Each structure stands twice: as structure tokens, then as C-alpha cells.
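The values are calculated or read from the model by the stated rules, or taken from the named source; none is laboratory data. Only a predicted model underlies this, so the values are computations on that prediction, with no experimental measurement involved. Glycine gets a Cβ as well: all are built from the backbone with ideal geometry, and neighbour counts include every protein chain shown.
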Amino acid sequence: MGAGSKVFYGIGVFIAVIAVLYALGTNFVGDDAYMGGYEWAGGVALVLAAAFSFMLGGYLHFTERRIDILPEDWEEAEVEDGAGVLGFFSPNSVWPMVMTGGITLMAFGICFWQLWLLALGVVVLIWGVTMLNLQYGIPREKH
């Protein structure tokens, strides 16, 4: 098991313990109708956060089994063992900003319950994702 999966499993266990303590704490506090009873918003958020952490830990666990040992999993690793090309990251792409604008439009559409704004945000988001994926596949003169 690699370092990444251990971290997310540990976070998941911590959040699960906090969720149980939160459930016990909110269920037995107060006498009147407002203060007594389980507080659903925080409880559900903690349970979902624990579930997502376990899901990410499981993904990293299964992925780390199929790859070679990484420098962060090796006890005697030096800093230069992790050196090298980590990937290609586009330095001047505008499409992540377009995608963010689409997500913002979708959020405003949900907040104000304007379905046309939500649909516009979906269209802008799909357009931005498509152009981000195709930006180096389209010839330069067509940009």
C-alpha cells in the first residue's frame, strides 16, 4: 500500500470517527424542538466526506499496486529520485477559465433557479471541455 492511499484511508477513518461523535453530540443536546434531535446537514456532510475519502483511498490503492515503486514509497529515496518530467501542462490555455465560467453560470442557475442560465452553463462547460481536449489536435491556423 502506497503513501497516498494510506493518507486517504487515515483521513477517512478520522472523519468517520468525527461523524459518529457528531451524531452522538447533536442527538442528545437540548430539550426543546430546535435543539434536540440529529442535525442532518452536518451529519450527512461528514458521512459523505468519509465515503469520498475511502473511495479515493481505494482508487489510489488499486492504482499503486499496478505501477512500480514510487520514490515517496521507498525508504532510502533521495530528492533527486523524484526528478524528471512529471507531465505536460499547457502554460497559456484559456479553456480552464472558460470551464470555470460555465460552472459559475451553472451555480448561478441553480442558486436563482433559472433553468435557462443552468442550460447556458452546461453548454459553455461542454464547449470548454471539448476545446481543452482538442487544443493541440487542431492546427494552429484554426485557433
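Okay, residues lined up against (1) among the small types (Gly, Ala, Ser); (2) at pLDDT 80 or above; (3) touching a His at 6+ places or on another chain (Cβ under 8 Å):
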residue: Gly42; (1), (2), (3): yes, yes, no
residue: Ala45; (1), (2), (3): yes, yes, no
residue: Ile69; (1), (2), (3): no, no, no
residue: Asn133; (1), (2), (3): no, yes, no
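Which one of these does Gly2 not meet: (1) more than 30 Å from Leu86 (Cβ to Cβ); (2) among the small types (Gly, Ala, Ser); (3) surrounded by 12 or more Cβ atoms within 10 Å (Cβ to Cβ); (4) modelled with pLDDT under 85? If we test Gly2 against (1) more than 30 Å from Leu86 (Cβ to Cβ); (2) among the small types (Gly, Ala, Ser); (3) surrounded by 12 or more Cβ atoms within 10 Å (Cβ to Cβ); (4) modelled with pLDDT under 85, just (1) comes out false.
Looking at the range 79-95 only, could you name the residues that are over 25 Å from the mean Cα position of the chain (by Cα) and either closer than 30 Å to Leu125 by Cβ or part of a helix (DSSP H, G or I) (or both)?
Initially, the range 79-95 is screened for residues over 25 Å from the mean Cα position of the chain (by Cα), giving 79-81, 83-84.
Scanning the range 79-95 gives Val79, Glu80, Asp81.
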